[in-house]
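The values are calculated or read from the model by the stated rules, or taken from the named source; none is laboratory data. Predicted model, so just to flag it, every value in this text is computed and none were measured. Cβ coordinates were reconstructed from backbone atoms using ideal geometry, including for glycine residues, and neighbour counts include every protein chain displayed. Accessible surface is based on the protein model in full, side chains and every heavy atom, while ligands, DNA and RNA are left aside. Shrake-Rupley method; radii C 1.70, N 1.55, O 1.52, S 1.80 Å.
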Amino acid sequence: MNDDHYMQMALDLARKGQGFTSPNPLVGAVVVNDDRVVGKGFHMAAGKAHAEVNAIDDAGDRSRGATLYVTLEPCNHEGRTPPCTEKILQSGLKRVVVAMEDPNPDVKGGGIAYLRDRHVQVCVGVCRETAERMNESFIKFIRTRRPFVIVKCAATLDGQIATKTGDSRWVSGPEARRFVHQLRHAVDAVMVGIGTVKADDPSLTVRLSGADGAVEGKDPRRVVLDANLSISENANILRLASESDTILVVAGHKSGKEFNSKKTALEKKGVKVISSPGENGLIDLDILMDQLGAMGITSLLVEGGGRVIASAFQAGIVDKINFFYAPKILGGNDGVPICSGNGPALMNQCIRVRDIRVQRFGDDIMIEGYAGEPG
């Protein structure tokens, strides 16, 4: 029996839940009997049946004596749904192959031990790296209660995200932009600065078309860093027909008649206004991550502009980058750089990016990697 092959099938199933399962992880499961797939399932959304339950129900009586492949350790605790370990025992499965242990320190290993104690064979670690990468947001959030932060930008080959007039439409091509919409669909929230809102008037929604032309995908929550609550009440981001809300982050404890009046008017429109420590017009992003985590935001896509991206790196909150480079050169130094503001004095103080992957989208190149420590 090819464990890697069947686990890969389970991983492919898990990805079907992308964008819909938060704050739960992506999980897929496959039931195999006599080297034949007899049941499939994946976790579709928080509160709905877990992948193991769906796969076992799909297999029915064919689960007896079979092997279950599941991308995450089966739960052994009562949550919104009953423990999956009991379902496994009731089904008569004789073997369970698990890609990765549950990263929750309160329950890690409990499901595996419970099954082994009841004479079910359990194999752990098949396709572990792929499973962990797929659930990297869940892993960080469950351990820290802070969102997994991705910085995305689209730049020219000479490192600029807009011209001197602020024009940035479009740096990258349609293939790259579609991938960005897939990123938005996958995360809980997307964050920009007020400068980007004023310059581009973005909607920050997901615009993905299915095979039939219908719009598909889930809008992320929209976070705008607006220290002084200077956003126009006519901004696109405040007038969307979207199920996801907009969160405006102001610096410190703002007050005053004009401020309070505008805040009240925005909140009546369904906009959430929160205060976060900050000074000199900048929000303390490290503290903000704790606030967003407390709001249930497990993953955050930072889209800019240059000042916000630089602040995110300087605050040490960035986990991952997706940098797109288009085959274009502005040929000057008066545009908008990827990062604005003061950088380090020495090259050995740069932030190191590890586990690099390079992917092509049309004529654009995307560099993906994980932000490490300076040095």
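Before moving on, here are some points about what is shown:
- Subset of segment 124-144 that is outside any helix (DSSP H, G or I) and touching a Ser or Thr at 6+ places or on another chain (Cβ under 9 Å) - its residue that is surrounded by the fewest Cβ atoms within 10 Å (Cβ to Cβ): 127
- Boolean, residue 4 is loosely packed, with under 15 Cβ neighbours inside 10 Å and out of contact with any Pro (no Cβ under 6 Å at 6 or more places or on another chain): yes
- One residue from 299, 232, 276 being of a type in the set (Ser, Thr, Tyr) and within 28 Å of residue 179 (Cβ to Cβ): 299
- Here residue 121 fulfils each of the conditions (1) among the polar types (S, T, N, Q); (2) farther than 28 Å from residue 145 by Cβ; (3) open to solvent by less than 50 Å² (accessible area, probe 1.4 Å) apart from (3).
- For segment 233-245, the count of residues that are in a loop (DSSP other than H, G, I, E, B), hydroxyl-bearing (Ser, Thr, Tyr) and under 20 Å from residue 324 (Cα atoms) is zero.
- Against the conditions (1) touching a residue at least 40 places away in the same chain (Cβ under 8 Å); (2) open to solvent by less than 50 Å² (accessible area, probe 1.4 Å); (3) among the polar types (S, T, N, Q), residue 18 satisfies every one except (2).
- The residue of segment 43-65 that is nearest to the chain's Cα centre (by Cα), among those that are buried (at least 24 other Cβ atoms within 10 Å of the Cβ) and either within 18 Å of residue 111 (Cα to Cα) or among the aliphatic types (A, V, I, L, M) (or both), is 43.
- Matching residues in segment 307-339 - criterion: being of a type in the set (Phe, Trp, Tyr) and out of contact with any Ser or Thr (no Cβ under 6 Å at 6 or more places or on another chain): 313, 323, 325
- Selection of strands (runs of 3 or more DSSP E) fully inside segment 265-375 by the criterion of at least 2 residues being open to solvent by 40 Å² or more (accessible area, probe 1.4 Å) and free of Cβ contacts under 8 Å to residues at least 24 places away in the same chain returns 351-361.
- When segment 96-118 is filtered for residues that are part of a loop (DSSP other than H, G, I, E, B), under 28 Å from the mean Cα position of the chain (by Cα) and either touching a residue at least 24 places away in the same chain (Cβ under 8 Å) or crowded, with 22+ Cβ neighbours inside 10 Å (or both), the ones remaining, listed by number, are 99, 100, 101, 102, 103, 104, 105, 107, 108, 109.
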